[in-house]
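Chemist: Below is the structure I would like to discuss, written out as structure tokens.
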Amino acid sequence: MDDRVVVEFAGDGAGAGALSWGQQDIWQAMVRQKSWLPNGAWGPLAAGTTVQDVAEQLRYMMSRFPSARTRLRFDAEGHPTQVVAASGEITLEIVEAGAQDPAAVAEAVRLRLQDTEYDFVEDWPIRMAAVRSGGALTHLVVVMCHLVADGFGTQVLLEDLDTRVSTPIPELQPLEQARWQASPSGQRQNTLALRHWDGILRGMPTRRFPDTVDKPEPRHWRGEFKSYALGPALQAVTEQTGVAPAPALLAVFAVALARVTRINPVVLRPMVNNRFRPGLDRVVCMLAQFGLCQLDVAGVSFAEVLDRARRGAMTTYKHAYYHPADLDDLVRRVVLERGADLELPCYFNDRRADTGKSGAAPVALRDAATRSTFRWTTRQDVPFEPLIVHIDDVPDAVQAIIFMDTHVVSPADGEALLRGMEAAAVEAALDPSAPTGV
């Protein structure tokens, strides 16, 4: 870092209060994973961009979005509340690239900002830096704590930043969300959601994964699967069956999981953005929560599983808005009643955009599948969730990222799960009436 620019900001929505359900959910994940779960990215700046231009971008974000001005306060027992500031100052870093490649410097800055320890009480949840080369700004680096926004909230933030809109922000910011959630209406929603979870938890198979023999150290692994067939195969399935892309992916993932584990019905925790709820579609905040979905995929056709996923997804979405602490209490009660062998299902996060591209011809699908690649990228002692899979759009392909505890799911089964998801999608695209083989 070669220079610091102090940026002043001020905005509406100041106050203090309980965390919203979405904030509580991600806070629990941060505690489990011992991480502030930063989301970082960098990109090129337009020619002629000045330090003042970048400073104004940072000032706009901090001023417009209450979640960007939110820090935490902890009571004597360590329970957090949120504090939204009315104003403050934040530092913009200017980093000189010197003789180095500016893009490489930007990536190094991103990693440094993400890896630098984060203080939830004192630090602002956004970190920004600009790279300068030959006297001109070339790249912008932004890192945000996951408490600022989920993926859909980040999209809203970027859209507003691009146009610098000055219209009022939505009323249901996290502080107001928390107030509604504590109201009778919010408690009714929570009760219905927990009733849905209770029914599945009490009836699901206790074992979700086969026992692993090899238990490597470090035990927590991250892998990447790049598929050139999954996207067009799912689009072909959508065109043939009318099932939307999200439940179609859920269906083929469930088939793949059942094939690997030999356990049915399949129980998954898909991420639900919750932005279909009134007043929440344009809120920049952490709103998404994991739902609970059970699918019986054995002894039927792909078409039947796709239809079950379509219907099951609607129920899952409806009940993915709940108080995380109340859910934890419910899970503990069910575990006590059913026994310690009860394993909770894997997390599944579909982050793709619905591109609407046409599906590929059968021959092209088979050829595309031969070009798919898998690699392990990280092995560490710091814990991930036992099994979580993220699905993203990447240029000309779909990428699946798996985080897993290899003492719960073996590396071979983790790779087989992602490759099996692609295989199931291709099979369904070629013949929806074919049996799942489970």
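The values are calculated or read from the model by the stated rules, or taken from the named source; none is laboratory data. Remember, it's a predicted structure, so these values are computed and weren't measured experimentally. Here Cβ is always computed from backbone atoms with ideal geometry, including for glycine, and neighbour counts include all displayed protein chains.
Chemist: When both residues are 6+ apart or on different chains and their Cβ atoms are under 6 Å apart, which pairs have a first residue that lies in region 396-407 and is free of Cβ contacts under 8 Å to residues at least 24 places away in the same chain and more than 9 Å from GLY223 (Cβ to Cβ), and a second that is surrounded by 18 or more Cβ atoms within 10 Å (Cβ to Cβ) and among the small types (Gly, Ala, Ser)?
Modeler: As it stands, the answer is none, since no pair meets every condition given.
Chemist: Something else about it: Out of ASP211, ASP198, report the one residue that is out of contact with any strand residue (DSSP E or B) (no Cβ under 9 Å at 6 or more places or on another chain) and either aromatic (Phe, Trp, Tyr) or surrounded by 15 or more Cβ atoms within 10 Å (Cβ to Cβ) (or both).
Modeler: Working: ASP211 fails: either aromatic (Phe, Trp, Tyr) or surrounded by 15 or more Cβ atoms within 10 Å (Cβ to Cβ) (or both).
That would be ASP198, the only listed residue that is out of contact with any strand residue (DSSP E or B) (no Cβ under 9 Å at 6 or more places or on another chain) and either aromatic (Phe, Trp, Tyr) or surrounded by 15 or more Cβ atoms within 10 Å (Cβ to Cβ) (or both).
Chemist: Among the residues that make up region 312-320, is at least one of them within 20 Å of ASP25 (Cα to Cα), in a loop (DSSP other than H, G, I, E, B) and of a type in the set (Val, Ile, Thr)?
Modeler: Looking for residues that are within 20 Å of ASP25 (Cα to Cα), in a loop (DSSP other than H, G, I, E, B) and of a type in the set (Val, Ile, Thr), one finds none in region 312-320, hence no.
Chemist: I've got another one for you. So if I check each of VAL297, VAL283, VAL266, which one is out of contact with any Leu (no Cβ under 7 Å at 6 or more places or on another chain), surrounded by 23 or more Cβ atoms within 10 Å (Cβ to Cβ), touching a residue at least 24 places away in the same chain (Cβ under 8 Å) and not aromatic (Phe, Trp, Tyr)? Please lay out each step first, then the result.
Modeler: Details: VAL283 fails: out of contact with any Leu (no Cβ under 7 Å at 6 or more places or on another chain); VAL266 fails: out of contact with any Leu (no Cβ under 7 Å at 6 or more places or on another chain).
Only one candidate passes the filter, namely VAL297.
Chemist: Also, quick follow-up: Outside any loop (DSSP other than H, G, I, E, B) and in the same structural domain as ALA29 (by TED's automatic domain parsing): which single residue out of GLN100, GLN114 fits that description?
Modeler: Values: GLN100 fails: outside any loop (DSSP other than H, G, I, E, B).
Among GLN100, GLN114, only GLN114 is outside any loop (DSSP other than H, G, I, E, B) and in the same structural domain as ALA29 (by TED's automatic domain parsing).
Chemist: Given the structure, is PHE152 assigned to a helix (DSSP H, G or I) and aromatic (Phe, Trp, Tyr)? Give the derivation first.
Modeler: Working: assigned to a helix (DSSP H, G or I): yes; aromatic (Phe, Trp, Tyr): yes.
Answer is yes for this residue.
Chemist: Six or more apart or on different chains, Cβ under 7 Å: which pairs go from a residue in region 21-36 that's closer than 18 Å to ASN273 by Cβ and touching a residue at least 40 places away in the same chain (Cβ under 8 Å) to one that's of a type in the set (A, V, I, L, M) and assigned to a helix (DSSP H, G or I)? Could you list them?
Modeler: GLN24/ALA325
Chemist: Which is surrounded by fewer than 15 Cβ atoms within 10 Å (Cβ to Cβ), out of contact with any His (no Cβ under 7 Å at 6 or more places or on another chain) and either closer than 18 Å to GLN155 by Cα or at pLDDT 95 or above (or both), of ALA68, ALA85, ALA41? Break it down stepwise before answering.
Modeler: Values: ALA68 fails: surrounded by fewer than 15 Cβ atoms within 10 Å (Cβ to Cβ); ALA85 fails: surrounded by fewer than 15 Cβ atoms within 10 Å (Cβ to Cβ).
Of the residues listed, the single one that is surrounded by fewer than 15 Cβ atoms within 10 Å (Cβ to Cβ), out of contact with any His (no Cβ under 7 Å at 6 or more places or on another chain) and either closer than 18 Å to GLN155 by Cα or at pLDDT 95 or above (or both) is ALA41.
Chemist: In region 187-227, how many are modelled with pLDDT under 95 and among the hydroxyl-bearing types (Ser, Thr, Tyr)?
Modeler: Qualifying residue count, region 187-227: 2.
Chemist: Here's another thing I want to ask about it. Of the conditions (1) under 21 Å from the mean Cα position of the chain (by Cα); (2) under 27 Å from VAL409 (Cα atoms); (3) part of a loop (DSSP other than H, G, I, E, B), VAL297 fails just one. Which one is it?
Modeler: (1)
Chemist: Hey, can you tell me all the residues within region 71-82 that are surrounded by 15 or more Cβ atoms within 10 Å (Cβ to Cβ) and either at pLDDT below 95 or touching a Gly at 6+ places or on another chain (Cβ under 6 Å) (or both)?
Modeler: If the condition is that a residue be surrounded by 15 or more Cβ atoms within 10 Å (Cβ to Cβ) and either at pLDDT below 95 or touching a Gly at 6+ places or on another chain (Cβ under 6 Å) (or both), then no residue fits.
Chemist: Kindly establish whether LEU250 is in contact with a helix residue (DSSP H, G or I) (Cβ under 6 Å, 6 or more places away or on another chain) and either not assigned by TED's automatic domain parsing to the domain that holds SER410 or not in a helix (DSSP H, G or I) (or both).
Modeler: Working: in contact with a helix residue (DSSP H, G or I) (Cβ under 6 Å, 6 or more places away or on another chain): yes; either not assigned by TED's automatic domain parsing to the domain that holds SER410 or not in a helix (DSSP H, G or I) (or both): no.
No: the conditions fail for LEU250.
Chemist: Counting just the residues of region 392-435 that are under 20 Å from ASN264 (Cβ atoms) and in contact with a Gly (Cβ under 8 Å, 6 or more places away or on another chain), which one comes out surrounded by the fewest Cβ atoms within 10 Å (Cβ to Cβ)?
Modeler: PRO435
Chemist: Let me ask you something else. Looking only at region 88-117, filter to residues that are of a type in the set (Asp, Glu) and touching a Phe, Trp or Tyr at 6+ places or on another chain (Cβ under 8 Å); which one of those is surrounded by the most Cβ atoms within 10 Å (Cβ to Cβ)? Spell out the reasoning first.
Modeler: Step one: filter region 88-117 for residues of a type in the set (Asp, Glu), giving 89, 93, 96, 101, 107, 115, 117.
Imposing the further condition that a residue be touching a Phe, Trp or Tyr at 6+ places or on another chain (Cβ under 8 Å) reduces the set to 89, 107.
On the way: GLU89: 10, GLU107: 16.
Top of the filtered list is GLU107.
Chemist: Of all residues in region 355-395 being under 20 Å from ALA423 (Cα atoms) and modelled with pLDDT under 90, which is farthest from the chain's Cα centre (by Cα)?
Modeler: That would be VAL363.
Chemist: Quick test for you: out of THR91, THR81, pick the one residue that is under 24 Å from VAL284 (Cα atoms), more than 26 Å from the chain's Cα centre (by Cα) and among the β-branched types (Val, Ile, Thr). Walk me through how you get there before you give the answer.
Modeler: Details: THR81 fails: more than 26 Å from the chain's Cα centre (by Cα).
When all the criteria are applied, what remains is THR91.
Chemist: Anything in region 162-178 that is in a helix (DSSP H, G or I), out of contact with any Cys (no Cβ under 8 Å at 6 or more places or on another chain) and surrounded by 15 or more Cβ atoms within 10 Å (Cβ to Cβ)? List them, or say none.
Modeler: Applying the first criterion (in a helix (DSSP H, G or I)) to region 162-178 yields 162-163, 174-178.
Pick out the ones that are also out of contact with any Cys (no Cβ under 8 Å at 6 or more places or on another chain) and you get 162-163, 175-176, 178.
Across region 162-178, the qualifying residues are LEU175, GLU176, ALA178.
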